[in-house]
Amino acid sequence: MIDSIFSSPLALPAGLAGIFTLLLALVFILAKRGSRQQAQQDMAALLQTQAEMQGRIQTMAELFGARQTELNQSIREQLNGMTAHIGQTLTAQTRSTHENLSKLQERLAVIDTAQNNIQSLAGQVVELQSILSNKQTRGAFGQGRMEAIIADALPSTAYAFQATLSNGTRPDCLVHMPNNAPALVIDAKFPLEAWNAMRDADNPQARHEAEGRFRKDMDVHIRDIAQKYLIADETQDTAFLFVPSESIFATIHESFEPLVQKASRSRVIIVSPSLLMLSVQVVQAILKDARMREQAHLIQSEVRKLTGDVNRLDDRVRKLQNHFQLAEKDVSEILISTGKLARHGAKIDALDLGALSQPEPAENLSVKPQVATPVTSVPFSLLGDN
């Protein structure tokens with residue numbers, strides 16, 4: 001009970017009133033049981049004890065009040081510090097969350113772009129698969145790649161697509177050579193069905209059968225090119241078999257070496273897109289050299305004209321140099337004359353004209369005939385040697 005009384009400063013007056021009432025009751029009881037004097041002594045002792053207790057209680061109340069104030073101040077400071085710390089933490093977390101969300105949005109945008117590209121690529125792959133599933137369309141696809149390479153590298157007069165030969169056959173491309181040389185034949189009809197079957201085989205037996213079919217189809221196609229397109233004095237003795245993929249070309253040379261050797265013996269060269277581009281560049285260089293040889297006489301004529309123009313220019317420069325030399329000589333002589341005039345002017349300016357203006361004595365004067373002297377007869381000794 002005492003702890004509950006002193007737990008709060010507001011409960012102290014009620015506690016003191018209760019104690020005072022208790023003391024009065026004790027005094028009343030003692031007054032009945034003892035003598036009056038003893039009761040007065042006990043009353044004085046009780047009053048003194050009450051005063052001491054009241055002082056102690058007041059001191060304790062003040063102490064508890066000060067402690068409570070300090071505790072409230074400490075709690076308030078701690079709460080303020082915690083509030084500030086929590087506010088800073090929330091601000092930092094909000095900023096970090098905003099930055100993370102911004103980065104996440106950027107990454108999501110990149111992912112969306114990549115997803116769109118993947119979807120577009122998937123659509124193109126599906127379209128390519130549909131093209132390759134059709135034999136006629138597949139042949140047009142390989143021929144389209146070949147035609148794009150030829151058209152990008154050669155002028156339109158240097159090739160022809162689907163031209164008809166003397167035996168009635170129509171190769172995919174004819175490259176015209178200079179100096180009326182036979183044309184070069186390029187075939188783009190690669191047997192892709194057997195290749196796809198070999199690639200899609202899921203067991204060794206199916207793959208072996210597909211490889212046999214691919215060898216047979218390639219053998220037949222190489223023989224057809226050699227028989228149909230190699231015509232003496234009309235086409236070159238070598239023809240190109242265009243393969244529309246670098247990976248297929250590499251696999252043929254790695255796994256089907258006998259086919260490559262047989263094609264070489266049949267004078268049929270298997271070429272990939274990069275090799276065809278290189279071959280076309282060689283043909284382009286040959287055509288350029290042929291055009292330069294055809295225009296050699298015009299170049300020589302222009303060089304002769306250019307040489308004559310250079311010789312005339314040299315003559316005119318030499319004449320101009322002579323004029324400059326003569327002008328330089330005249331300027332030098334003019335400078336010499338102006339220098340002499342300047343020196344004689346300085347001499348005239350330095351003459352003592354005051355001594356010449358005094359009259360001579362009469363005895364020294366003699367009458368001499370005066371002859372008018374023209375200005376042109378003034379001696380030029382004053383101007384110096386000319």
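Numbers at a glance
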| read-out | value |
| --- | --- |
| Options Asp289, Asp349, Asp309; residue that is among the acidic types (Asp, Glu) and modelled with pLDDT of 85 or more | Asp309 |
| Residues of the range 183-231 satisfying the condition of being of a type in the set (Asp, Glu) and farther than 17 Å from Gln143 by Cα | Asp200, Asp202, Glu209, Glu211, Asp217, Asp219, Asp224 |
| Selection status of Ser96, modelled with pLDDT under 85 and either surrounded by 10 or more Cβ atoms within 10 Å (Cβ to Cβ) or not assigned by TED's automatic domain parsing to the domain that holds Ala188 (or both) | no |
| Hits in the range 267-285 - residues which are surrounded by 14 or more Cβ atoms within 10 Å (Cβ to Cβ) and either of a type outside the set (A, V, I, L, M) or assigned to a helix (DSSP H, G or I) (or both) | Arg267, Ser272, Pro273, Leu275, Leu276, Met277, Ser279, Val280, Val283, Gln284 |
| Identity of the residue in the range 198-208, over 15 Å from Ser255 (Cα atoms) and surrounded by 13 or more Cβ atoms within 10 Å (Cβ to Cβ), that ends up nearest to the chain's Cα centre (by Cα) | Ala201 |
| Pick from the range 210-263, criterion in contact (Cβ under 8 Å) with a residue 24 or more places away in the chain and basic (Lys, Arg), ranking: surrounded by the fewest Cβ atoms within 10 Å (Cβ to Cβ) | Arg223 |
| Verdict on Ala188 being surrounded by 13 or more Cβ atoms within 10 Å (Cβ to Cβ), over 46 Å from the mean Cα position of the chain (by Cα) and modelled with pLDDT of 80 or more | no |
| In the range 225-245, the residues that are within 25 Å of Arg145 (Cα to Cα), at pLDDT 85 or above, outside any strand (DSSP E or B) and not aliphatic (A, V, I, L, M) | Gln227, Lys228, Tyr229 |
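For (1) within 30 Å of Asp233 (Cβ to Cβ); (2) in contact with a His (Cβ under 6 Å, 6 or more places away or on another chain); (3) in a helix (DSSP H, G or I); (4) assigned by TED's automatic domain parsing to the domain that holds Tyr159, each residue gets a yes or a no:
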{"residue": "Asn179", "(1), (2), (3), (4)": "yes, no, no, yes"}
{"residue": "Val185", "(1), (2), (3), (4)": "yes, no, no, yes"}
{"residue": "Asn196", "(1), (2), (3), (4)": "no, no, yes, yes"}
{"residue": "Asp202", "(1), (2), (3), (4)": "no, no, no, yes"}
{"residue": "Gln205", "(1), (2), (3), (4)": "no, no, yes, yes"}
{"residue": "Glu209", "(1), (2), (3), (4)": "no, no, yes, yes"}
{"residue": "Gly212", "(1), (2), (3), (4)": "no, no, yes, yes"}
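The values are calculated or read from the model by the stated rules, or taken from the named source; none is laboratory data. None of these values were measured; they are calculated from a predicted model. Methodologically, a virtual Cβ is constructed for each residue, glycine included, from the backbone with ideal geometry; neighbour enumeration extends over all protein chains shown.
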